[in-house]
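Student: One structure follows; several queries about it will come next.
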Amino acid sequence: FSPAGITVSDIEAVRYTLQSGETIKLQSVSQPTEADSTTYQTVWQLTDEPDAALDTDKTDALLAALASYVTGQDDTAADPSACGFDAPLVTAEVTTADGTVTLTYAIGTDGYYMMVSGDSSVYTVDGQTVQALCLTARQLKADT
């Protein structure tokens, strides 16, 4: 199940901060398709560099990771510091029409974990999910 209750189509904007301190902001923009000015498509862009072309595979993977299902739920009494939440790998603020939810991802002694704001549960996630979220702005660009 997806503890945050987010689907890719619901996501309007993402602001995530990597362990290095770099913050990346993405937003969806509705643009006319090249073939027809009456047909629109959703395009993702960096808020700070709206003209930079993004790698759609990497962007799609990032969005899918934010909406992905967890592989399990750890004991709700799990010690967040033992799961690596003292120094998270990435913290993502995901905005939908319903508001903003914060997802925090960390690596612990035996795997990757996620916490959702407002929920004390610790969820296990796979490494591919976390890798998709740990891209710098430069790595998201299509020309890199």
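The values are calculated or read from the model by the stated rules, or taken from the named source; none is laboratory data. Everything numeric here is computed off the predicted structure, so don't read it as measured data. Cβ atoms come from the backbone with ideal geometry, glycine included; neighbour counts cover every protein chain shown. Areas reflect the complete protein model, heavy atoms only, side chains present, ligands, DNA and RNA absent. Shrake-Rupley method; radii C 1.70, N 1.55, O 1.52, S 1.80 Å.
Student: Report yes if some residue within the range 37-56 is of a type in the set (Val, Ile, Thr), open to solvent by 20 Å² or more (accessible area, probe 1.4 Å), touching a residue at least 12 places away in the same chain (Cβ under 8 Å) and assigned to a loop (DSSP other than H, G, I, E, B); otherwise report no.
Tutor: yes
Student: If you go through the range 67-79 one residue at a time, do you hit one that is over 26 Å from Gly21 (Cα atoms) and among the acidic types (Asp, Glu)?
Tutor: The answer is yes, given that some residue of the range 67-79 is over 26 Å from Gly21 (Cα atoms) and among the acidic types (Asp, Glu).
Student: Limited to the range 88-127, what total is found for residues that are more than 24 Å from Glu12 (Cβ to Cβ), out of contact with any Cys (no Cβ under 7 Å at 6 or more places or on another chain) and open to solvent by less than 40 Å² (accessible area, probe 1.4 Å)? Before you say what the answer is, go through the steps one by one.
Tutor: So the first thing to find is which residues in the range 88-127 are more than 24 Å from Glu12 (Cβ to Cβ), and the list is 106-113, 120-122, 124, 126-127.
Among the residues that remain, those that are also out of contact with any Cys (no Cβ under 7 Å at 6 or more places or on another chain) are: 107, 109-112, 120-121, 124, 126-127.
Going one step further and asking which of them are open to solvent by less than 40 Å² (accessible area, probe 1.4 Å), we end up with 111, 121, 124, 127.
Qualifying residue count, the range 88-127: 4.
Student: Oh, and also: Return the residues of the range 128-142 that are open to solvent by 20 Å² or more (accessible area, probe 1.4 Å), more than 21 Å from Pro50 (Cβ to Cβ) and of a type in the set (A, V, I, L, M, F, W, C); say none if nothing qualifies.
Tutor: Cys134
Student: Looking at the range 16-29 only, could you name the residues that are within 18 Å of Ala87 (Cα to Cα) and open to solvent by 70 Å² or more (accessible area, probe 1.4 Å)?
Tutor: Gln19, Ser20
Student: A further question follows. Considering (1) more than 26 Å from Glu12 (Cβ to Cβ); (2) part of a loop (DSSP other than H, G, I, E, B), say which one Val70 fails and leave the rest.
Tutor: (1)
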